[in-house]
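*Asks:* Let me give you the structure first, and then I'll get to my questions.
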Amino acid sequence: MTAILGAGISGLAAGHYLLRKTPTLPFTIYEATDRIGGWIRSDRFLDNGFVFEAGPRTIRPKGPAANNTLQLIEDLGLADEVYSISSNHTAARNRMIYAKGKLNLLPNSLGGLLKTVPPFTKPLYFAAFRDLLAGRSKTALNDESMYSFVERRFGKEIADYAVSSMLCGICAGNAKEISVKFLMKDLFEREQRHGGVLLGLLKEGLQNRNKKQSENVTKTTTTVSSLADRAKAENWSIYSIRGGLQTLPETLADDLRAKGVPIVTSTKFEELIFERDQVVLRVDGKEQQLRHIVSSIPSYKLAKHVQKQHPQLASSLSSIPFVDVCVINLQYREADLLKQDGFGFLVPPIENLPILGVIFDSCCFDMDDNTVLTVMMGGAWFEKWFGKNPSNEHLLEIALDNVKKILHIEQKPDSYKVNLLRKCIPQYTVGHQERVKAIRDYIEQHRLPIVLCGASYDGVGVNDVILSARTNVEKMKF
């Protein structure tokens, strides 16, 4: 018997891949809350033509992890429900940052890199020259913050306005704390090996050109689904699922239940005890003897249950920080309230404003004659701006004040929802990969029959957590 802890997208994906690996193995998925899907949550107002997303709303279609998700969507029969946005769509081309008192459209073509585009004071191609002239870091580095790396190689403006705002959108994190390996591991390692990012790219490109072409041909023929081929042919930039992204975990759960997998919600996870080659799991007052456990729950939650037997492991699990984020959905019964269409805008921390950014949902997806926005606030700066326990009314007031200030929308929304998401995004601070390695090494050395997957360890995006589930389930030995 096996148990999966957590019925978010990673836990459900773990069930999918476990069932594929061992079709006759009995297992149960346990979820502490009264719903499945984790941080993916779509509030549907289909009669009025719109959807509110409390968590992620789009998925990227490019790369190995993305291909894996597209294959899963195809396997679940959802291919016809995909809502794609091509690279020439307004929402893909128009991405903005709010800086120096106004919205600034980021370059979306090569021409944009060759001229000075606000808020930058020099053409962006100057950053490449800086990298070529910067030379090697003074000492060999194993890791550093994203901000430090980008400032060293490409300059302070790129670090302050481009990279810092990007991290606000991806993980609500502070670029001065997040590890460069989170998003730029390859660039960082090339710089350490060759003394520069562009120099490393050129050298390795020349050395490995034939080898990489051969590997890519093999990879393409073995892993790309027909939906991934379609995404490439149609030049998708991002996509979602009709009816909201929650359709994906719902369909995954329905598929598992149809194949006989119990998914138990509203459970009380009471105790976890490791005994030789098995695990004793106590849930809702009942003990179960298990051969394996797959944990997709946040690392800090798992830490509480291994503290008594394995304090060193608990300490490592607890060392991964998380942030609180407030997501406020706004709906106006009026189209075309926005003066500039696009995906939305981000606010770099240097602007010292209480919001991370705003997504223009009704520009991305068909929302009938509504203007629908999502305001993101908090993250690494949550307590600075809002204290420990802000009221929903206070959070809404701040969101509306900034929508009025930046987007010049004076009217009150016709409907709204305030989502206060506590400890929702893990922060991959400097040393994160080493911490995760230490956690998994401890589990292996002590032969604990537990497998870890999910956002705490292998990436925070939807593609990342699904691939994390697959990779780690496929390593399990029965």
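The values are calculated or read from the model by the stated rules, or taken from the named source; none is laboratory data. The model shown is predicted, which means the values in this text are computed figures rather than measured ones. Positions of Cβ are generated from backbone atoms using ideal geometry, with glycine treated the same way; all protein chains shown enter the neighbour counts. Side chains are part of the model used for accessible areas, which takes the heavy atoms of the whole protein and leaves out ligands, DNA and RNA. Shrake-Rupley method; radii C 1.70, N 1.55, O 1.52, S 1.80 Å.
A quick yes/no check of all residues on (1) touching a Lys or Arg at 6+ places or on another chain (Cβ under 9 Å); (2) modelled with pLDDT of 95 or more:
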{"position": "23", "(1), (2)": "yes, no"}
{"position": "37", "(1), (2)": "no, yes"}
{"position": "45", "(1), (2)": "no, yes"}
{"position": "77", "(1), (2)": "no, yes"}
{"position": "81", "(1), (2)": "yes, yes"}
{"position": "92", "(1), (2)": "no, no"}
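*Asks:* On to the next question. Give the residue that is farthest from the chain's Cα centre (by Cα), with candidates limited to residues of region 4-16 that are open to solvent by 10 Å² or more (accessible area, probe 1.4 Å) and not small (Gly, Ala, Ser).
*Replies:* My answer is 16.
*Asks:* Among the residues of region 1-21, which ones are at pLDDT 95 or above and assigned to a loop (DSSP other than H, G, I, E, B)?
*Replies:* Of everything in region 1-21, those that are at pLDDT 95 or above and assigned to a loop (DSSP other than H, G, I, E, B) turn out to be 6, 7.
*Asks:* Looking at 333, 276, 282 in this structure, which one is among the basic types (Lys, Arg), touching a helix residue (DSSP H, G or I) at 6+ places or on another chain (Cβ under 9 Å) and over 28 Å from residue 459 (Cβ atoms)?
*Replies:* Details: 276 fails: touching a helix residue (DSSP H, G or I) at 6+ places or on another chain (Cβ under 9 Å); 282 fails: touching a helix residue (DSSP H, G or I) at 6+ places or on another chain (Cβ under 9 Å).
On inspection, the qualifying residue turns out to be 333.
*Asks:* Now for a different question. List, please: which pairs have Cβ atoms under 9 Å, are six or more places apart or on different chains, and start with a residue in region 258-271 that is closer than 17 Å to residue 76 by Cα and in contact (Cβ under 8 Å) with a residue 24 or more places away in the chain and end with one that is of a type in the set (Phe, Trp, Tyr) and surrounded by 11 or more Cβ atoms within 10 Å (Cβ to Cβ)?
*Replies:* 261/27
*Asks:* Which of (1) in a loop (DSSP other than H, G, I, E, B); (2) open to solvent by 40 Å² or more (accessible area, probe 1.4 Å) does residue 312 not meet, given it meets every other one?
*Replies:* Here residue 312 clears every test but (1).
*Asks:* Kindly indicate the residue of region 253-272 that is of a type in the set (Val, Ile, Thr) and assigned to a strand (DSSP E or B) and also surrounded by the most Cβ atoms within 10 Å (Cβ to Cβ) among those meeting that condition. Before you say what the answer is, go through the steps one by one.
*Replies:* Within region 253-272, the first condition is being of a type in the set (Val, Ile, Thr), and the residues that meet it are 261, 263-265, 267.
Then drop every residue that is not assigned to a strand (DSSP E or B), which leaves 263-264.
On the way: 263: 19, 264: 13.
Per the stated criteria, the residue is 263.
*Asks:* Determine the pairs where a residue that is free of Cβ contacts under 8 Å to residues at least 12 places away in the same chain, located within region 407-428, has a partner that is open to solvent by 30 Å² or more (accessible area, probe 1.4 Å) with Cβ atoms under 8 Å apart, the partner being 6 or more residues away or on another chain.
*Replies:* Listed by first residue and then by second, the contacts come to 410/404.
*Asks:* Separate question: Of the conditions (1) at pLDDT below 95; (2) surrounded by 14 or more Cβ atoms within 10 Å (Cβ to Cβ), residue 250 clears all except one; give me its number.
*Replies:* The number of the failed condition is (1).
*Asks:* Taking the residues in region 129-148 that are charged (D, E, K, R) and assigned to a loop (DSSP other than H, G, I, E, B) as candidates, determine which candidate is modelled with the lowest pLDDT.
*Replies:* 136
*Asks:* If I filter region 236-247 down to residues being open to solvent by 10 Å² or more (accessible area, probe 1.4 Å) and assigned to a loop (DSSP other than H, G, I, E, B), which single residue comes out as nearest to residue 8 (Cα to Cα)? Steps first, answer last, please.
*Replies:* Looking only at region 236-247, we keep the residues that are open to solvent by 10 Å² or more (accessible area, probe 1.4 Å), and these are 237, 242-243, 246-247.
Restricting the remaining residues to those that are assigned to a loop (DSSP other than H, G, I, E, B) gives 242-243, 246.
Numbers: 242: 19, 243: 18, 246: 10 Å.
Residue satisfying both the conditions and the ranking: 246.
*Asks:* Continuing with this model, one more query. Any residue at all in region 294-308 that is touching a residue at least 12 places away in the same chain (Cβ under 8 Å), surrounded by 20 or more Cβ atoms within 10 Å (Cβ to Cβ), in a loop (DSSP other than H, G, I, E, B) and of a type outside the set (S, T, N, Q)?
*Replies:* yes
*Asks:* Keeping to region 158-187, report how many residues are surrounded by fewer than 20 Cβ atoms within 10 Å (Cβ to Cβ) and not in a helix (DSSP H, G or I).
*Replies:* Counting residues in region 158-187 that are surrounded by fewer than 20 Cβ atoms within 10 Å (Cβ to Cβ) and not in a helix (DSSP H, G or I) gives 4.
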